[in-house]
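Okay, so here's the structure we're looking at.
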Amino acid sequence: MLQTFTQQFLCFNKSYDVNRGRSSQSRIAFSNSNLRVIALLFFLLTSVSVSYATDASNAEDSLNEQQVAFDKLYESIDTGEVEIVTLEDRDEYMASLEAAIPEGDDIRRRRYEFYVCMTGYGFEFSKGIEVAEQYIAEAKQAEDQEAIARFYYCLAEFQASTSLWKNSIESINASIEASKSIGHKEYWAWGLAFRCSIRSLVGEFAESLVDCLKARELYGQANKEATGDELLFDIGIAYRRIGFNDKALEYFNEMEELAVDQGLLLGQIQTIIQKSFIFYNKEMYAEALDLQKKALELADEQEDYNGQAASARVAMAGTLIKLHRYSEAKQQLDQAQELINQFGITNSNEMIEMQMGMALDGLEQPELAVEYYDRAEDLMKRGGNRRYLSMLYEARSKNYEMLGQEKEALQMMQKHLELSRILEKDREQQQILVLRYQFDSERSDLENKKLVAEKKLKETEVEALKKTQRWQLVAIVLGGLLSLVLVILIVRQFGLSKRLKQQALTDSLTGVANRRHIESYCKTVLEQAKQHSADASIIVFDIDNFKQINDKHGHVVGDEVLKKLSEFCQTMLRQLDKLGRYGGEEFLVVLPQANLENAYQVAERLRLGLQQISFGSNDQPFNITVSLGVAEYDKNETMDQLIDRADEALYRAKSQGRNMALEAKSTRENKDKVDT
Ligand SMILES: Nc1nc2c(ncn2[C@@H]2O[C@H](COP(=O)(O)OP(=O)(O)OP(=O)(O)O)[C@@H](O)[C@H]2O)c(=O)[nH]1
């Protein structure tokens, strides 16, 4: 379907220059009203609906059900859901679109009306102008810039159809202004592309080229590259007309590739013909002829491609004349005329007329040629194509010469030279214009590149900054982790050293303070007692007959006794009191703030408690007893003296039969004893 529309559209689109003079040898007119309507509709489908669909989808969130339904229908052609091939299809579609306009939704109503404007009036151009102007007035009142842009476009279409080129360009300008005001690059491109084709028709090739180039750029920016590519052909033609043949060839090659890729046969044929004109201009006639033959072959393959076949034959005739193959040229022209006649077009074609004259001159029938030249001159003067006229004057000059009318021949040659000079000057100016545009766009390209580079630099800087920040963060995290590890290590180390310290202070078997520790504690307690004039006492005790226990039950059981005893004693003591293993089976208890009486009570409690405990295995249980010596600290004695006194009491207890607690002698008593 797309191909059908595209081809029809191309046919339609060429209908201006077909009549007004696009290319020298391809000015064959063929259009009908159905084609115009469908082509216009196709145009809408490929540009307007798509662009609108994009806008609509952006705002989809805020749309109500009816609006969504309308938009969906509006876009359905673009998505391929609705196919329009005939005028009936078009009417049906327009009716359902009209029915889908949400009530009171003027914006969507105007979108629908734009379709009406573009497709509803066929060849009723003046009616179309009237309607478009009315729509514009309404859109202006509603300050709907989008609609203003569209309706001006529609107006321009009708004005162009009635050859009101100046008015048409003014309308396009108004459409462009409105598009620009809402920043709609695609509409803007759309206006420029239209202005490009009109300017080309009126001979403003450079301006036309600039418009097309800019339009293509804008289509690209609006992500409509494919629509922009449709301009390749027009750009190529404009380049060719201002004499930039190589540049033109570049565009035609690109266009041909695109046409082949997309299977657009019509586009392919037209491009090949255009390419042949370039070789013709370069006087490479053999190459030109090959291309024209190729175009004709492609056109002949299709039944309804008579128009294209005619174009190819006219082009071929021009080349054959240059090659002095006049009868072949005449034959091609006859066949071209025949094909054109099949369209029911009775108007003669200026190019066919002129070339027929040239062929007849070549065949040395100058008398016959005159009437062809006359008709060609008349048509060309009416059409205002100076390029063709210049060619005609040259041909006519030769014709007069052949007829022996030297004076007229000279006059014609002068006319030809004069017009050629003007055309050459024009061309130079147009080339300058294009070069200036190219320079400007290259400069703006450079500036853009510079801006892009600066932006990139900034982005790189920002990225670098972000990277640094990221690294800083990583460093902070790593630092944190490291600190954490360090803390853990320190804590562990602290724990370890604490454990080591603990181990250094603890008796490994019983878990109570070892001798060094209990002595140091005892010393501290005594110092404090001395300092604060407080009481302090100690108990020294020893398991009775422990050797026998070891001997009878074994060392392991003996160890168990020591452990269990220690555990028990600790439960019997105050928080302040401390138990320590003083020797093998000898223990020292330090009791701060305890006088002799208090300490004795503790000693007794220990003794009585310990003898209640059952040791050994179930089948060999046994009890133990302990002997204890209790001494209260005398502020004048040393720790050793105090312990000695307690020891002495312990030994006394042992010697008095064991299992008892005895108070130590006072220091005086003890001194006396030592003295005696
Ligand atoms: N199982 C065990 N026995 C120990 C430990 N340290 C010392 N002994 C033993 O304790 C016993 C002490 O014996 P003696 O000094 O003769 O005293 P005793 O047998 O308790 O007799 P009296 O003190 O006179 O009641 C020795 O046999 C030591 O080997 C120890 O850590 N574990």
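Read-outs throughout are calculated quantities, based only on the coordinates presented, and are distinct from any laboratory measurement. Nothing here was measured: the structure is a model prediction, and the numbers come from that model. Ideal geometry is used to build each Cβ from the backbone, glycine not excepted, and the neighbour counts take in all protein chains shown.
Near the amide H of GLU663, within less than 5 Å, lie the amide hydrogens of VAL630, all on another chain or at least 5 residues away, with H placed in the peptide plane.
Subtracting the Cα-Cα distance of ARG499 and SER483 from their residue separation scaled by 0.36 nm leaves 3.5 nm. Close amide H pairs (under 5 Å, H built 1.01 Å from N) link VAL626 with ASP544, ASN659, residues at least 5 positions away or on another chain. Residues of region 384-400 falling in the label zone of LEU417, defined by backbone nitrogen less than 17 Å from a point 7 Å along Cα to beta-carbon, are 390-400. At a Förster distance of 35 Å, what's the computed FRET efficiency of GLU424 paired with LEU403, Cβ-Cβ distance as r, to 0.05? Using R0 = 35 Å, I get an efficiency of 0.80. Against the main long axis of the alpha-carbon atoms of the chain, helix 265-281 sits at an angle near 70°.
Among the chymotrypsin sites (Phe, Trp or Tyr not before Pro) in region 254-325, none sits in a DSSP loop with a Cβ that has at most 13 other Cβ atoms within 10 Å. Ranking LEU264, TYR437, SER327 by Cα position along the charge dipole of the chain, where only Lys, Arg, Asp and Glu carry charges on their C-beta atoms, puts TYR437 farthest toward the positive end. Our helix-only sum for the chain, with -39,500 (n - 2.57) per DSSP H run of n ≥ 4 divided by its residues, gives a mean residue ellipticity at 222 nm of -25000 deg cm²/dmol.
Extension gain for GLU103-GLN141 works out to 11.8 nm (0.36 nm per residue, less the C-alpha to C-alpha distance).
Over 25 Å apart at the Cα level, from the set LYS185/LYS425; LYS214/LYS293; LYS247/LYS282, are LYS185/LYS425; LYS214/LYS293. Relative to one another, the C-alpha centroids of region 265-342 and region 206-238 are positioned 27 Å apart. I need the fraction of alpha carbon pairs in the chain separated by more than 33 Å, rounded to a whole percent. So the pairs more than 33 Å apart make up 66 percent of the total in the chain. The magnitude of the dipole of the chain, with charges of +1 and -1 set on the Cβ of Lys/Arg and Asp/Glu and taken from the Cα centre, is near 3540 debye.
The simple spin-label model puts a point 7 Å past each Cα toward its Cβ; for ILE476 and ARG574 those points are separated by 5.5 nm. Stretching the chain fully between LYS180 and GLU283 yields a gain of 32.7 nm (0.36 nm per residue, less the alpha carbon separation). Given R₀ = 25 Å, what would the calculated FRET efficiency be for LYS665 paired with THR625, taking r from the Cβ atoms and rounding to 0.05? Efficiency computed from Cβ-Cβ geometry: 0.65. Couplings 3J(HN,Hα) for region 323-336, derived from phi with the Karplus relation 6.51 cos²θ - 1.76 cosθ + 1.60 (θ = phi - 60°), are 8, 6, 9, 5, 5, 5, 4, 4, 4, 4, 5, 4, 5, 4 Hz, where x marks Gly and Pro.
3J(HN,Hα) along region 96-108, derived from phi through the Karplus expression 6.51 cos²θ - 1.76 cosθ + 1.60 where θ = phi - 60°, amounts to 5, 5, 4, 5, 8, 5, x, 4, x, 8, 5, 4, 5 Hz, with x in place of Gly and Pro. For region 171-176, 3J(HN,Hα) computed residue by residue from phi via the Karplus equation (6.51, -1.76, 1.60; θ = phi - 60°) reads 5, 4, 4, 5, 5, 4 Hz, glycine and proline entered as x. Between LYS563 and LYS127, the modelled label-to-label distance comes to 11.7 nm, taking each label 7 Å out from Cα in the direction of the beta carbon.
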